[in-house]
Amino acid sequence: MTIPFAAAKPFPQAPSVFPSRLRRQVFGPLVLGQHRPGRSSGRGTRRHRLGLGLLLLALTLPGGGAGLVRKPDRPALDHALARRPAIAAALAGVVPGAVLIAGNSHAELAGRVGLPCAPLVNAGLAGARAREVADGLAGQRAATRGRLGVLLIGTNDLLRIARPLSAQARARFAAEAAASLAWLSQNAERVVVAAVPPLGKAAAFRRDPAAVAVYSDILRGLCRPGTCRFADPFADLRDGDSGLAKPGSLPDAIHLADYAAMLDGLDLCREAQPLPGSAASASGVSR
């Protein structure tokens, strides 16, 4: 049964999840694109630099900006730099009836597969946590409102070092997820949010499998009837309620072997307008 999308804004417009004081201290005027005498600073350029600065900040700080700055993940930074203009270009090409998919590597890899029923616009960012997804989307806008917006987040928020089961971490994840859902609700007619996929045993050393169900429940709670649809395309991969995947079901303990099957499990074509012969957008490179 299709859940109608509410006309009113279902998700509050959340501000950036980074304290303004911290943004100023870490990045300063150059990265944030503040105006300096003698230099032109168009509104679009400033907005682009601001969004990129916040995304880079997210990739260098643990736990929502709390604590000490950790050593930057260079591959993640390089990938974010490469993906941002690709995502902007993909969103600039959105047509009515398109499906927008945003989130972490699961979203980016699925975005390269495409759908048989509608264009699939790839706004995924591999390696991103919920706050990086939210702030990466914040400065972007689709050319027109798509039919569906899909969100896949959570896997990169389960790192044990971030204490994902703490009350602070859970509240932070809920706020960051709500920000992405708010963006999707503005840029798509209906929203689908996926459960957090299970982990392979090899990934449990760094990530906490016990947080998989907890974070899935947070996403389920944010997705109220009339605002969006919650889906679990990973049910067949789960080894009970352990948060772990069935042995051998995940090639690298994180990613799926078949992203086309994941898209089928999300049942997107039931809600998307059929567009015979449409081709999926395949922007970006995954890592």
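The values are calculated or read from the model by the stated rules, or taken from the named source; none is laboratory data. Keep in mind it's a predicted model, so treat the numbers as computed, not measured. Glycine gets a Cβ as well: all are built from the backbone with ideal geometry, and neighbour counts include every protein chain shown. Just so you know, the surface numbers come from the protein's heavy atoms only, side chains and all, with ligands and any DNA or RNA stripped out. Shrake-Rupley method; radii C 1.70, N 1.55, O 1.52, S 1.80 Å.
Below, the figures for the structure above:
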| item | result |
| --- | --- |
| D252, sole failed condition from (1) open to solvent by 30 Å² or more (accessible area, probe 1.4 Å); (2) closer than 19 Å to L109 by Cα; (3) free of Cβ contacts under 8 Å to residues at least 40 places away in the same chain | (3) |
| Residue in the stretch 166-210 that is most open to solvent (accessible area, probe 1.4 Å), counting only those that are closer than 22 Å to H255 by Cα and assigned to a loop (DSSP other than H, G, I, E, B) | R206 |
| Given (1) at positive phi; (2) in contact (Cβ under 8 Å) with a residue 60 or more places away in the chain; (3) touching a Lys or Arg at 6+ places or on another chain (Cβ under 8 Å), index of the condition G226 fails | (3) |
| Pick from the stretch 53-99, criterion of a type outside the set (A, V, I, L, M) and open to solvent by less than 10 Å² (accessible area, probe 1.4 Å), ranking: modelled with the lowest pLDDT | G53 |
| Residue check for A213: within 27 Å of G136 (Cα to Cα) and either open to solvent by 40 Å² or more (accessible area, probe 1.4 Å) or modelled with pLDDT under 95 (or both) | yes |
| Count of the stretch 107-145 residues which are touching a strand residue (DSSP E or B) at 6+ places or on another chain (Cβ under 8 Å), over 15 Å from I87 (Cα atoms) and crowded, with 22+ Cβ neighbours inside 10 Å | 2 |
